[in-house]
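Encoded as structure tokens, the structure appears first; notes follow it.
The values are calculated or read from the model by the stated rules, or taken from the named source; none is laboratory data. Owing to the predicted nature of the structure, the values given are computational and were not obtained by experimental measurement. Cβ placement follows ideal geometry from the backbone for every residue including glycine, while neighbour counts extend to all protein chains displayed. Keep in mind that these areas ignore ligands, DNA and RNA; they rest on the heavy atoms of the full protein, side chains included. Shrake-Rupley method; radii C 1.70, N 1.55, O 1.52, S 1.80 Å.
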Amino acid sequence: MIQLYAPLSFLGVIYREIRQALTDIERMFTILEQHRDIADVPGAKPLVVTHGSVCFEDVYFGYVPGHPVLKGLSFEVPGGETVAIVGPSGAGKSTLSRLMFRFYDVDAGRITIDGQDIRQVSQASLRGALGLVPQDTVLFNDTIGYNIAYGRPGASQDEVEEVARAAQIQGFIERQPMGWQTQVGERGLKLSGGEKQRVAIARALLKNPPVLIFDEATSQLDSRNERAIQGEIRMAARNRTTLIIAHRLSTIVDAHQILVLDGGRIVERGTHAQLLELDGVYARMWALQRDDVRLDDDLDLQRVA
Ligand code: ATP
């Protein structure tokens with residue numbers, strides 16, 4: 001029996017390896033598939049970033065003909081400022097980041113960075129200028145150190161540690177028995193949603209792009225974790241143009257401007273204080289979420305008691 005067990009167990013390991021490799025390949029093809037229609041225009045020049053100002057000018061877009069998702073969207077994120085987008089699920093918030101990366105092109109209107117239409121510049125230079133903290137970070141089956149260093153291949157260990165410290169994940173890493181060599185991903189340590197998001201923030205800080213897009217995770221964080229992430233977003237947004245696609249309003253109260261997207265249109269815009277004063281959609285969303293946070297805080301207190 002024992003003689004049979006060893007080869008079977010070995011086969012099990014091989015099976016898991018192959019399954020993981022297939023999953024990685026599938027992910028890669030999904031990404032490539034999304035890019036298939038988008039090509040550089042002949043002689044495309046590299047994007048020249050001066051202030052990092054991002055402009056959506058009367059943008060229309062739909063994934064399928066006859067079903068517009070964005071209907072004439074105009075807004076500006078001035079260089080170095082933070083603009084947050086909020087709105088109900090399906091309003092088109094994440095679509096904005098897909099358009100900025102040119103996974104798709106707009107149907108009408110244009111998106112510019114420092115006055116340059118993103119369809120006219122090389123995709124490599126465009127993607128080099130943009131950093132993304134996605135909703136769900138893909139972790140490779142490798143060490144935690146590798147997973148952070150991936151933000152900028154060739155970064156030194158000192159640089160990796162510096163961004164990990166800034167993203168508040170260094171302590172967690174150093175508490176692991178294998179430290180920076182800890183394996184993560186499908187076959188290693190499973191990270192929580194908050195920890196994964198910190199890895200993504202560290203990656204983005206290492207890349208140090210002039211424009212950062214933060215697509216906040218939809219998954220519920222408890223209010224303590226939520227406050228921590230809020231601090232990390234603020235730190236990452238300092239001195240760079242930042243677009244936050246937000247699900248938790250508490251993370252964006254400091255944004256220079258908040259846009260409320262509904263049905264593919266901006267229905268309200270202003271600072272947190274101005275939108276509360278307006279007493280419209282945003283104010284109602286704020287009241288609802290504040291009650292949720294209170295409930296969460298009560299649960300935290302009960303756990304401590
Ligand atoms: P959430 O808050 O749930 O993340 P969202 O505001 O980010 O939602 P989007 O992901 O931008 O919404 O989607 C906007 C609309 O476009 C939705 O109706 C969605 O079903 C549709 N959509 C998104 N991706 C595709 C796609 N690849 N093909 C077709 N329709 C899509």
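Worth a mention:
- Qualifying residue in the stretch 66-73 (condition: open to solvent by less than 10 Å² (accessible area, probe 1.4 Å) and within 12 Å of the ligand (Cβ to nearest atom)): yes
- Applying a threshold of 7 Å to beta carbon distances and a minimum spacing of six or more residues, or different chains, the list of pairs starting in the stretch 90-102 at a residue that is touching a residue at least 60 places away in the same chain (Cβ under 8 Å) and ending at one that is near the ligand (Cβ under 7 Å from one of its atoms) and in a loop (DSSP other than H, G, I, E, B) reads Gly92/Val69; Lys93/Gly87.
- Residues that are small (Gly, Ala, Ser), at pLDDT below 95 and outside any loop (DSSP other than H, G, I, E, B) within the stretch 92-131 comprise Ser94, Ser97, Ala124, Gly128, Gly131, listed in sequence order.
- Exactly one residue out of Arg19, Arg27 is more than 21 Å from Pro134 (Cα to Cα) and at pLDDT below 55, and it is Arg19.
- Selection status of Val267, β-branched (Val, Ile, Thr), assigned to a strand (DSSP E or B) and either more than 30 Å from Glu162 (Cβ to Cβ) or at pLDDT 90 or above (or both): yes
- For Arg110, the stated conditions do not hold, so it cannot be described as away from the ligand (no atom under 16 Å from the Cβ), among the basic types (Lys, Arg) and buried (at least 17 other Cβ atoms within 10 Å of the Cβ).
- All positions within the stretch 50-65 that are of a type outside the set (Gly, Ala, Ser), touching a residue at least 40 places away in the same chain (Cβ under 8 Å) and within 16 Å of the ligand (Cβ to nearest atom): Phe56, Val59, Tyr60, Phe61, Tyr63
- Matching helices (runs of 4 or more DSSP H) fully within the stretch 143-256 where at least 3 residues are within 28 Å of His272 (Cβ to Cβ): 193-207, 223-237
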